[in-house]
1. Any idea how many residues of region 151-185 are under 16 Å from PHE204 (Cα atoms) and in a loop (DSSP other than H, G, I, E, B)?
2. Just to confirm my filter: which strands (runs of 3 or more DSSP E) fall fully inside region 240-313 and include at least 1 residues that are over 21 Å from ASP349 (Cα atoms) and not hydrophobic (A, V, I, L, M, F, W, C)?
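The values are calculated or read from the model by the stated rules, or taken from the named source; none is laboratory data. Not measured: the values here are computed from a predicted model. Glycine also receives a Cβ, built like all others from the backbone with ideal geometry; neighbour counts cover every protein chain displayed.
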Amino acid sequence: MPNFSDCDFPPLRQESIPRKRRTDADVGRASGAPASITDFPNELLLAILQYLPGIDLDNFQLPTLVSLSRVNRRFHNLVAAELYATYNSFFCEPYLFLRSIISNADLARRVRHVDITYGENAYEQRKRYVANAQDKKAIKDGLRASGIADWKTLASLYNTDHVELESIYAAIIMQTPKIASMIVHDGWLGSYGESRNPDWVDLFRRANSRTSPGLMHKFENLQSLTVELLELKLIALAPALRTPSLRKLTLKGLVEFEYGGKSVAQVIRKLIPSRCNNIEELSIKQSILQNDILAVVVEASQHLRVFSYDITLDNVGEAFDLGQLGSKTLIAALESQSDSLESLVFLKDRGATEDLPPMFDLCGSLRGFSSLAHLKCQLESIAGDGNSAATLPQRLPPALKTMSVSLSNQSGPDTFDPLLGLKHLSSSYTTRTPHLQEIRLVAEDIVYSGRFYDYAGTVALFSRTDIKFILGRNVLFDDSWTPQRTAGWGFHAVPDDEVTSESSGEISLYSNN
């Protein structure tokens, strides 16, 4: 990580710099000199800047942009948009950045993206900047100009030597009216075993409050919000979910279920009422939500188009009780968006597949989802158990265009053929799913059940249709895992490369036939 000096932000001071008068001697010396980068036209410099790498942990352009910005005002004006476009707490000491944007509204308006990490041990090795009297005055004057009622309290907080990083991040967000996306890595805040909600969440409460937030923006340009949760819950995040401009929401590590007889869903519904936001893409990663609570989050959107949900039990604590998960099914939780949902991704890890009841599958029917064109899930989730596999075509949405399904090693009773539903689909798709164009089946290399699956027969059936059938594989073990080391176990053969129904005649697959 580069260590910028205190004067790096702002890279070019606001004070006017005395210009040296150019003499005839200077002109003479310059006339025969070779061209340098300062002689390049702006158009060429801007084209060169496009080749700089992005801001990431391994290879980023921030030091280069800082160096260019400090050459002269012309260079500063050329790179300022890129230099201030993203605030990433990994690269930049927050107080220095806050001092820059709070002193210069034009720089603050250039910030479009914020990526912050806070909590215990966050950047504990980084030396904190110690503000001087001039710095503190700049922060105080900037907050006074914002018109916020409690600006004095905030100024005192931000100018405290040991203020938490998260509070400074909130101040940066408060000063950036053009912010379009936020990525937040949540962490523990507070002391003596008592956690507190982060200040950035309070900014959303202020923005959505009926009382005037002063001159502070109301997140009018925020399109995307990603939160990796550690301590936060939906109750605390509720103000952010009511942001009118928000179109994409990603929550990672969320654990929400009722406990102690409390109706968490009812409490959250009061904070996030039905159709209160314009979120079109909702992604819930590595999480587990009671379906009643999930329904509240889904219903909050006026027109949800894309929904992605992968379930894990890795983050649940001792209070988690399967008996308190209610009776609402996953499909019932999504029904409020049956007219608008276009893409659905639903996955579960091994633990969730083994322990969760069927209501956490796509049991039931997706026929009522009239706009659903793209589906990705585990085959067992949509095909059901052995008694209902033949009804797979009847479960699928009528507008389906592409379907990607994975086949795990947990395929139900020995008499259950998980591919049976796909075989039925090959003969009935013209009436059940007439728009279906592509099916992708991803299978594991090793099946613990010791059974072989008829991949060749399935590929052959779809080779006679207009549907492109792609057979891939999901490698579970490294190259040292060989059949010789697992003698007596059953294997199914999947080729190294993907196999499609268009090339099935050229591939030999082991099967029951």
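1. 6
2. Details: elements: 248-252, 281-289, 306-311.
Counting at least 1 such residues, we get 248-252, 281-289.
Here's the yes/no breakdown for (1) among the small types (Gly, Ala, Ser); (2) modelled with pLDDT of 50 or more; (3) not in a loop (DSSP other than H, G, I, E, B):
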position: ASN409; (1), (2), (3): no, yes, no
position: ASP414; (1), (2), (3): no, yes, no
position: ASP417; (1), (2), (3): no, yes, no
position: HIS435; (1), (2), (3): no, yes, no
position: ILE439; (1), (2), (3): no, yes, yes
position: SER449; (1), (2), (3): yes, no, no
position: ALA460; (1), (2), (3): yes, yes, yes
position: PHE469; (1), (2), (3): no, yes, yes
position: GLN484; (1), (2), (3): no, no, yes
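Residue-by-condition table, conditions (1) over 23 Å from ILE439 (Cβ atoms); (2) at pLDDT 95 or above; (3) in a loop (DSSP other than H, G, I, E, B):
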| residue | (1), (2), (3) |
| --- | --- |
| LEU334 | no, yes, no |
| LEU341 | no, yes, yes |
| GLY364 | no, no, yes |
| LEU372 | no, yes, yes |
| LEU375 | no, yes, no |
| SER381 | no, no, no |
